[in-house]
Amino acid sequence: MSKRQILVTSALPYANGPLHLGHLLETIQTDIWVRFQKLRGHDCTYLCADDAHGTAIMLTAEKLGITPEEQIKRVQADHEKDFDGFLINFDNYYSTHSKECERYAQEIYRKLDANGHIEKREITQLFDPEKNLFLADRYIKGICPKCKTDDQYGDNCEACGATYTPADLIEPRSVISGATPVEKASTHYFFKLAEFTDFLKDWTRSDRLQP
């Protein structure tokens, strides 16, 4: 049997709260599989990390009166303690908020941009004028434009099942501040995924990935 080099990861838990059973189920299953491959003599490396970016982390930190970095550090310590309690044996458990992650993300972006695989477009989104930030759909609530049920999120109605854009909501409000959002344009950067269609079809159907 030839020695294989296997890179393994599991879903990155979000650095904004404790682990739940779904996290533990997945990591325990992954850990068992990795141990099995190592016992077979393969070079199998199990990597994982805390997903440490996003509006929710920033808002939680603000509510607690700490910096986002402190929030990330607290939650990761709790995650690692829980994983240790279940004897999960990561080869490296890290954070997306790291100098290495920043370096490689920038390197990948710059290479893509230099080769014409990034495009810029102006996108209009709802903006919280009090908090001075753009609002994701889940941070906007209002009256459903279809059935007129109040207190519905910015992308779909839980009462009638309708889908829509945040701008379609009647009397929209920011969940964060209660302010009425305003429309504001900003420049967004898009990866031209379609340009890699043939490459991805070939690669995902090769023996480099499991079926």
Within segment 177-192, is there a residue that is in contact with a strand residue (DSSP E or B) (Cβ under 7 Å, 6 or more places away or on another chain), modelled with pLDDT under 95 and under 29 Å from PRO13 (Cα atoms)? yes
When you look at THR204, is it exposed (fewer than 15 other Cβ atoms within 10 Å of the Cβ), β-branched (Val, Ile, Thr) and without any contact (Cβ under 8 Å) to a residue 60 or more places away in the chain, yes or no? yes
Considering only residues of segment 1-17 that are under 12 Å from ASP50 (Cβ atoms) and in a loop (DSSP other than H, G, I, E, B), which is most open to solvent (accessible area, probe 1.4 Å)? LEU12
Would a scan of segment 131-148 turn up a residue that is more than 29 Å from GLU70 (Cβ to Cβ) and loosely packed, with under 14 Cβ neighbours inside 10 Å? yes
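Quick check on segment 131-175: of everything there that is charged (D, E, K, R) and in a strand (DSSP E or B), which residue is farthest from the chain's Cα centre (by Cα)?
Filtering segment 131-175 for residues charged (D, E, K, R) gives 131, 137-138, 141, 146, 148, 150-151, 155, 158, 168, 171, 173.
Next cut, in a strand (DSSP E or B) only: 141, 171, 173.
Working: LYS141: 22, GLU171: 29, ARG173: 24 Å.
Applying the filter and picking the extreme gives GLU171.
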Residues of segment 160-189 being aliphatic (A, V, I, L, M) and loosely packed, with under 14 Cβ neighbours inside 10 Å, in sequence order, are ILE170, VAL182, ALA185
Scanning for something in contact (Cβ under 8 Å) with a residue 60 or more places away in the chain and either over 30 Å from ARG4 (Cα atoms) or exposed (fewer than 12 other Cβ atoms within 10 Å of the Cβ) (or both), does segment 60-69 turn up at least one residue? no
What are the pairs with Cβ atoms under 6 angstrom where one residue, in segment 129-146, is of a type in the set (A, V, I, L, M, F, W, C) and the other, located anywhere, is exposed (fewer than 15 other Cβ atoms within 10 Å of the Cβ) and outside any strand (DSSP E or B)? Sequence gap at least six, or different chains. ILE143/ASP150
Subset of segment 147-195, residues within 30 Å of ASP113 (Cα to Cα) and either hydroxyl-bearing (Ser, Thr, Tyr) or without any contact (Cβ under 8 Å) to a residue 12 or more places away in the chain (or both), comes to THR165, SER186, THR187, TYR189, LEU193, ALA194
Which of the residues spanning segment 35-59 are in contact (Cβ under 8 Å) with a residue 24 or more places away in the chain and of a type in the set (Phe, Trp, Tyr)? TYR46
Taking segment 77-91, which residues are open to solvent by 30 Å² or more (accessible area, probe 1.4 Å) and in contact with a Ser or Thr (Cβ under 8 Å, 6 or more places away or on another chain)? PHE86, ASP91
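The values are calculated or read from the model by the stated rules, or taken from the named source; none is laboratory data. In this text the structure is predicted, and so the values were computed from the model without any measurement. Virtual Cβ from ideal backbone geometry, glycine too; neighbours counted across all protein chains shown. To get the accessible areas, we keep the full protein, side chains included, count just its heavy atoms, and leave off ligands, DNA and RNA. Shrake-Rupley method; radii C 1.70, N 1.55, O 1.52, S 1.80 Å.
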